[in-house]
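Undergrad: Pasting a structure here, questions to come.
The values are calculated or read from the model by the stated rules, or taken from the named source; none is laboratory data. None of the values given here were measured: they were computed from a predicted structure. All Cβ positions, even for glycine, are placed from backbone atoms using ideal geometry, and neighbour counts span all protein chains on display.
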Amino acid sequence: MATILGIDLGSFSVKVARIEQGFRTVHLASIEEERVPEPGDGTPLPSPIRRHEISLNSELAQAEEPTAEVPVDSLLDRQMRALMTILGRQKIRAESCAIGISEDLTLRLVEMPLSDPKKVAQTLPFELAGQLMDDLEGHVVDQLPANAPSGSGSSLWLAGCARQSVVESRILSMSPLGLDPKVCGATALATAALWVQSKSGAMPQKDLPLWVIDIGHRMTHVCALAAHPKRVGQVLVQFARTIPRGGLQITESLSKHLSIGLIAAEKLKHENGLSDFTNPTVAKLIRESLKPLLRDLRQTLAAYGSRFGCEPKTLFVTGGSAQLHGLQDYLSEELGVPVQPLLPPSGATWLGPAVRGEMPAGESMTFGEGGASRTYVSSTALVHRWPTGTAAVGLGLGAALGGPNFNFRKGELAFRTDYAMLREKAPLLFGFAAALIASVGIWAYASLQQLEKESERLRLQLITESTALFGEARTDGRQVSNELQAALTQDKVQGQSVPQVSVLDLLEDISAASPSSNASGPARLDVIELHIRPKKTDLKATCASAQYVDDLAANLGKIPCFRKVQKGKVLTLKNTGPDGKPVEVKQFALEIETTCP
């Protein structure tokens, strides 16, 4: 069974989802989360990570260009330390992994006059460069279909553009940890893979379209899902956007207005939420700090409705900041769309040992509301970390099942397997090959022994038959066959050929060629006389109709030994039927020329 890791490198914490993939089986095994260390907290990782890191991903870099001096304790450096802590706890070697990019990523909807994916991939960078007014050299571009191609051949595509240096830094940062990401996608699209293979790959069409809003520490990702126009039960990503706002802005607002530290503000934010009963002042400040995010969400809703002519039926929220008390009701009231927590889709096949029914006491926890459909999972830690680990789960499922997401590992950054899994399984493969060879050898030896016994039986039979025929034992079967063939040829020349068919064979052929009925009805064939001689056969019989006589003559003419079938006169006679009543029958005679000796 292969192990696939979905790695979400968040700015507040790093989440790792472990996916176990077997033959036709995929299930979520665990979700691990580790807080990203504060700057200066801990020993920096070895230089290979920092040497390839891009300063745009560092908290030390703002708007200036990266200098020659590489930041020593950057965000990526601290994320790798958190990831190393998780991998140290798991002590499981992964065959592959998938990571996501949330910053330094451009998402655009592009309408193309083409619908062929290969042609779109060739021309999309030029179209995207015109929209961004920037040279895309040194960038990696990938695309996904956002709707069905129209009759005119035009199509709508969701394009993603990332700096090649950013993608390379993410890949190289995994190398000291013994990981080589198979997929480097967009974190904003990760949750789309949660619906892959859900309820036999199908999601109720009445629930679509929908949005997934992942409210993180610094970023909020919006992913719009709709029904796939050609693949029944599948979904596609219609729209995606990353908003540079999240829970950090709420914490900073509380810290500024209440004159407290960030740690105290973070704790106060999660304890109070938007509840006016606990602390109205804190709730009011949180609402004020959420207004910029609400403004961006309203603009996104308006742009989505203008493009696709509809609004999402439901907004599913996830992420650490989405767990604030009262946030779901507040978003639903402000946006005018039902808001629900993002739970595992009903019937998700990847949920591992999930069951439905009564919850075993003390062994599982519940996803869902009191009156809603419930999904029970036997791992308490899995349930506890689900709200913040959905992006990591989506990345892992996307790598295992091929969910709708970008993969910026292209060109010189393309994933190249090193057959690590094959080398790991080499002892088992060699053992299987040895067992297979041994089994084939035993089977071949047993078959050879059986053939030797059969050969000995046939040799003894040949000795017996040849002694009776020639008066002496013969062991050369080919010589005996040649002598018999020569004798038969000599008898044929002397006119004493062995008959090829017997009278019984001809009688069986005549019986098989006599139909039991025809278009006129039942045959009622009654043979009066039948004389079979070496070169001639005479048949005298009665039947129900004259048409049957013609059908019988035609069928007899198809017998290989009969060359010519000559019909005599057909007479109409009165006969007695089975019920004793008089019935009309046809009496006929056939003369048949026989060719078989």
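Undergrad: Does Thr281 count as surrounded by fewer than 17 Cβ atoms within 10 Å (Cβ to Cβ) and not in a strand (DSSP E or B)?
TA: yes
Undergrad: Additional query: So Pro37 ticks every box in (1) over 28 Å from Leu351 (Cβ atoms); (2) modelled with pLDDT of 85 or more; (3) surrounded by 21 or more Cβ atoms within 10 Å (Cβ to Cβ) but one. Which box is left unticked?
TA: (3)
Undergrad: For segment 249-273: of the residues being buried (at least 18 other Cβ atoms within 10 Å of the Cβ) and either without any contact (Cβ under 8 Å) to a residue 12 or more places away in the chain or aliphatic (A, V, I, L, M) (or both), which is nearest to Leu210 (Cα to Cα)?
TA: Only one residue fits best here, namely Ile250.
Undergrad: If you don't mind, there's one more thing I want to ask. Take the residues in segment 137-178 that are in a loop (DSSP other than H, G, I, E, B) and among the hydrophobic types (A, V, I, L, M, F, W, C), then tell me which one is modelled with the highest pLDDT.
TA: So, considering only residues that are in a loop (DSSP other than H, G, I, E, B) and among the hydrophobic types (A, V, I, L, M, F, W, C), the one modelled with the highest pLDDT is Ala146.
Undergrad: Could you tell me whether Leu109 is out of contact with any Cys (no Cβ under 8 Å at 6 or more places or on another chain), within 23 Å of Gly394 (Cβ to Cβ) and part of a helix (DSSP H, G or I)?
TA: no
Undergrad: If you scan segment 71-117, which residues turn out to be farther than 17 Å from Val166 by Cα, out of contact with any strand residue (DSSP E or B) (no Cβ under 8 Å at 6 or more places or on another chain) and among the small types (Gly, Ala, Ser)?
TA: Across segment 71-117, the qualifying residue is only Gly88.
Undergrad: Given the criterion surrounded by fewer than 21 Cβ atoms within 10 Å (Cβ to Cβ), within 32 Å of the chain's Cα centre (by Cα) and not hydrophobic (A, V, I, L, M, F, W, C), identify the matching residue among Thr106, Thr85.
TA: Answer to the check: Thr106.
Undergrad: Right, another one. Since Ser517 meets every condition but one in (1) touching a residue at least 12 places away in the same chain (Cβ under 8 Å); (2) within 60 Å of the chain's Cα centre (by Cα), which condition does it not meet?
TA: Unmet condition: (1).
Undergrad: Assess whether Val120 counts as being touching a strand residue (DSSP E or B) at 6+ places or on another chain (Cβ under 9 Å), at pLDDT 85 or above, outside any loop (DSSP other than H, G, I, E, B) and surrounded by fewer than 19 Cβ atoms within 10 Å (Cβ to Cβ).
TA: When the stated conditions are applied, Val120 does not pass them.
Undergrad: Can I ask one more? Search segment 451-480 for residues being in a loop (DSSP other than H, G, I, E, B) and exposed (fewer than 10 other Cβ atoms within 10 Å of the Cβ), and hand back the single one that is modelled with the highest pLDDT.
TA: Selected residue: Glu472.
Undergrad: Separate question: Which of the residues belonging to segment 534-584 are surrounded by fewer than 14 Cβ atoms within 10 Å (Cβ to Cβ), closer than 13 Å to Thr595 by Cβ and in contact (Cβ under 8 Å) with a residue 12 or more places away in the chain?
TA: Pro534, Lys535, Lys536, Pro560, Arg563, Lys564
Undergrad: Kindly check whether there is at least one residue in segment 485-504 that is in a helix (DSSP H, G or I), more than 22 Å from Asn575 (Cβ to Cβ) and touching a residue at least 24 places away in the same chain (Cβ under 8 Å).
TA: Yes, some residue in segment 485-504 is in a helix (DSSP H, G or I), more than 22 Å from Asn575 (Cβ to Cβ) and touching a residue at least 24 places away in the same chain (Cβ under 8 Å).
Undergrad: Does at least one position in segment 499-510 carry a residue that is in contact with a strand residue (DSSP E or B) (Cβ under 6 Å, 6 or more places away or on another chain), modelled with pLDDT under 90 and within 30 Å of Gln485 (Cβ to Cβ)?
TA: The answer is yes, given that some residue of segment 499-510 is in contact with a strand residue (DSSP E or B) (Cβ under 6 Å, 6 or more places away or on another chain), modelled with pLDDT under 90 and within 30 Å of Gln485 (Cβ to Cβ).
Undergrad: Let me ask you something else. For Phe432, indicate whether it is surrounded by 10 or more Cβ atoms within 10 Å (Cβ to Cβ) and over 30 Å from Ser96 (Cβ atoms).
TA: No.
Undergrad: Does any residue of segment 179-188 turn out to be part of a strand (DSSP E or B), over 17 Å from Ile99 (Cα atoms), within 26 Å of the chain's Cα centre (by Cα) and at pLDDT 90 or above?
TA: No - not one qualifying residue is present in segment 179-188.
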